[in-house]
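Readers should treat all values here as calculations from the given coordinates under stated rules, not as data from a laboratory. Bear in mind that the values here come from a model prediction, so they are computed numbers and not experimental data. Don't worry about glycine lacking a Cβ; one is built from the backbone with ideal geometry, like all the others, and counts go over all protein chains shown.
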Amino acid sequence: MFIVELVFHAPEHQDVLLRLGALPGAGITLTQSWRLLAHALLHAGWWHIALNTALLLIAGPPLEQWLGRGAWIVTVMLGAVLGGVATLLAQHGAGSVSVGASGAFFALLFAACLLSGTRNASFGLRRRLWITLTIGLAYSFMPGVGLAAHLDGMAVGAAVTRARPAHRRFKEETV
């Protein structure tokens, strides 16, 4: 999707991002509920996609091993959609546009942090996860960054870790 954005110069043009599925600052109607997932496929530029890719590469593989692919996908989807809802509730002003999968990736990251202490993860992995979360939270307070989606993603990650036991094929090995 980022390639489509680049072809249409979407990161520089809010009107194009809106046509592709961004969340408008003025809110959405029920017929636009598709935007709650579509916004997570869009990015505001190279830096944004690089940060989200790093989060996915750090937290994704261990969490998929610990929860299983199905629960991993549910975590991503819930984080994306509910992160969109949180963003809409927190937005102020009709001129703003929101994009990104931060809610989904913070759900993965926080779930991985919580499970890393109970899944025989190496100290290095646990440290990497918690440092990444700390940096991500600090970044969340910068202007234009989706703090609401990040916090909502963390709530989804916590809920998933409470609701889902370890994947039945989980091996007690160091990741």
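Here are the numbers:
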item	result
Projected label distance in nm at LEU89 and PHE123, using a 7 Å step from Cα toward the beta-carbon	4.0 nm
Relative contact order [Cα under 8 Å, 6+ residues apart], the chain, whole percent	28 percent
GNM flexibility winner over the chain from THR75, THR118, THR161 (Cα, springs under 10 Å)	THR118
Estimated FRET transfer efficiency (THR53, LEU30; beta-carbon r; R0 25 Å; 0.05)	0.15
Residue of GLY136, GLY144, GLY83 that the Gaussian network model of the chain assigns the largest fluctuation, springs spanning Cα pairs under 10 Å	GLY144
Segment THR134-LEU37, extension gain: residue separation times 0.36 nm, minus the distance between their alpha carbons	32.3 nm
Signed unit charges on C-beta, dipole axis of the chain, positive-most listed residue VAL145, CYS113, LEU133	CYS113
Structure-derived Rg/Rh (Cα atoms, Kirkwood Rh) - corresponding label in (i) 1.05; (ii) 1.00; (iii) 0.93	(ii)
